[in-house]
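Undergrad: Questions regarding the structure given below will be posed in turn.
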Amino acid sequence: MWLGIVRRVASRCEVSRARRVAVIGIAASVLSLAGTGLQAQDAPSTTLEAPAMLGGVKPDVGGDKTRTRFVIGLEKSVDFQVFSLSNPNRVIVELPDIKVQLPPSSVAASVGLVQSFRGGLSAPGKMRVVIDVTGPVVVEKASIEKAKDVQHATRLVLEIVPADAGGKNTPASAKRPVVQTSASGLGAVGLQPPLPRPALRPDQRANNVFKPIIVIDPGHGGHDSGAQKYGTVEKDVVLAFSLRLRDKLEASGRYKVLMTRNDDSFVELDERRDFADRSKAALFIAVHADYAGSQASGATIYSLRDNVATELQRAAKGRVGSEVLSGKELSTVRAEADDEVSSVKSFLTDLALKELVVNHERTKVFAGAVVETMGATTTMMNNPDREAGFRVLKSAKMPSVLIELAYVTNRSDAANLKSDAWRDKVSGSIVTALDNYFSYHTSRLPM
């Protein structure tokens with residue numbers, strides 16, 4: 001039971017037990033149907049047709065392309081299974097070996113959704129009716145009915161509709177599996193699996209996959225202008241650069257990007273960091289521009305100083321034990337196995353503490369990746385991979401870096417900071433660093 005909670009904490013992904021059971025149940029049903037070997041060549045070729053109506057029931061097929069009714073005459077009420085398949089498209093009716101009458105050959109030509117039909121023995125003691133249809137369909141209703149006008153007459157009535165889940169005329173009930181029940185009322189004896197879904201376009205598929213959350217923090221803002229020189233205002237140029245970086249990351253389809261600010265507003269330093277913590281970010285990137293003498297030039301990447309990171313990890317240890325399980329999760333563990341609570345908390349605490357240490361190592365890896373790729377597109381400061389105790393970086397929950405793009409006090413750097421071409425080139429190099437980090441470096445860190 002608690003293993004599911006452990007997996008959630010480790011992978012940050014929770015799947016309820018009920019959903020797992022449902023998925024397994026549906027998969028089992030689909031596999032059981034696949035195991036029947038219902039291929040086109042397996043369909044019975046004998047068409048059942050009697051010279052007189054079976055039990056006084058007239059089998060029939062009628063309707064149009066939006067709904068087709070197919071009636072089979074039966075010797076008596078029996079349990080049955082009905083499901084639809086594709087490639088080729090057809091409806092399968094499984095019955096015990098009884099007398100069955102299909103519509104007469106005069107209506108065997110295409111009617112509504114039905115192209116043709118046939119029936120016969122599929123195995124000892126088993127009867128199968130195969131209805132070829134014009135396209136993907138679902139059986140909206142399948143029931144055994146007593147004819148009102150003929151005593152003891154029994155018939156199986158199928159209501160077939162298109163399986164166009166996106167069509168506005170498709171009934172809601174036709175968009176999900178239909179449970180077929182027998183006339184005895186004892187419950188379902190078969191499950192119609194959902195039809196295969198059309199392949200998704202690449203952009204649709206990309207929207208459904210997991211995307212790491214990147215928080216970009218443009219420095220300063222509002223009343224805090226930051227560094228200024230040569231007509232270059234830090235709060236403005238770092239916002240413009242951050243927006244360009246955001247657009248490139250989102251265009252890749254690989255990341256979900258959040259901004260601490262996307263306009264000229266001021267955000268407190270602690271709130272910037274807390275926002276990233278609450279968002280469960282995979283990476284935090286603060287963007288600034290530097291100020292020094294006119295000779296200073298180039299970009300610098302800062303990560304949290306080792307001794308500060310160690311102190312931060314030590315301070316975080318006291319909170320980890322109380323945060324690894326929510327109140328609801330704790331109640332669940334106690335309800336299932338109260339004696340396991342301490343073991344579960346101890347395991348999860350160790351896991352969370354290990355993550356604190358790994359996050360600092362991940363920060364160093366990403367900082368190195370940025371230095372490597374940015375160096376190919378812009379001037380870098382001497383020894384650009386540096387450490388500092390910046391307040392905004394003091395989070396043990398995620399890798400965090402602060403990028404000083406350039407110096408506003410250097411004429412050439414200041415001109416670059418206001419250049420669209422420079423922003424495009426350098427932001428592209430950071431995207432490359434992110435790609436390298438997530439696809440290669442993190443897989444080689446201890447977990």
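The values are calculated or read from the model by the stated rules, or taken from the named source; none is laboratory data. It should be emphasised that the depicted structure is a prediction, and the values quoted were computed from it without experimental measurement. Cβ placement follows ideal geometry from the backbone for every residue including glycine, while neighbour counts extend to all protein chains displayed.
Okay, residues lined up against (1) in contact with a helix residue (DSSP H, G or I) (Cβ under 8 Å, 6 or more places away or on another chain); (2) surrounded by 23 or more Cβ atoms within 10 Å (Cβ to Cβ); (3) outside any loop (DSSP other than H, G, I, E, B); (4) of a type in the set (S, T, N, Q):
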position: ASP413; (1), (2), (3), (4): no, yes, yes, no
position: ARG423; (1), (2), (3), (4): yes, no, yes, no
position: VAL426; (1), (2), (3), (4): yes, yes, yes, no
position: VAL431; (1), (2), (3), (4): yes, no, yes, no
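Undergrad: Search segment 216-273 for residues being among the polar types (S, T, N, Q) and not in a helix (DSSP H, G or I), and hand back the single one that is farthest from the chain's Cα centre (by Cα).
TA: GLN228
A quick yes/no check of all residues on (1) in contact (Cβ under 8 Å) with a residue 24 or more places away in the chain; (2) in contact with a strand residue (DSSP E or B) (Cβ under 7 Å, 6 or more places away or on another chain); (3) in the same structural domain as ASP132 (by TED's automatic domain parsing); (4) surrounded by fewer than 18 Cβ atoms within 10 Å (Cβ to Cβ):
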position: VAL71; (1), (2), (3), (4): yes, yes, yes, no
position: LYS76; (1), (2), (3), (4): yes, yes, yes, yes
position: SER86; (1), (2), (3), (4): yes, no, yes, yes
position: VAL91; (1), (2), (3), (4): yes, yes, yes, no
position: ASP97; (1), (2), (3), (4): yes, yes, yes, yes
position: VAL100; (1), (2), (3), (4): yes, yes, yes, no
position: PRO104; (1), (2), (3), (4): yes, no, yes, yes
position: LEU113; (1), (2), (3), (4): yes, yes, yes, no
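Undergrad: Suppose we filter segment 115-128 for residues that are out of contact with any strand residue (DSSP E or B) (no Cβ under 9 Å at 6 or more places or on another chain) and not in a loop (DSSP other than H, G, I, E, B); how many remain?
TA: Selection size over segment 115-128: 1.
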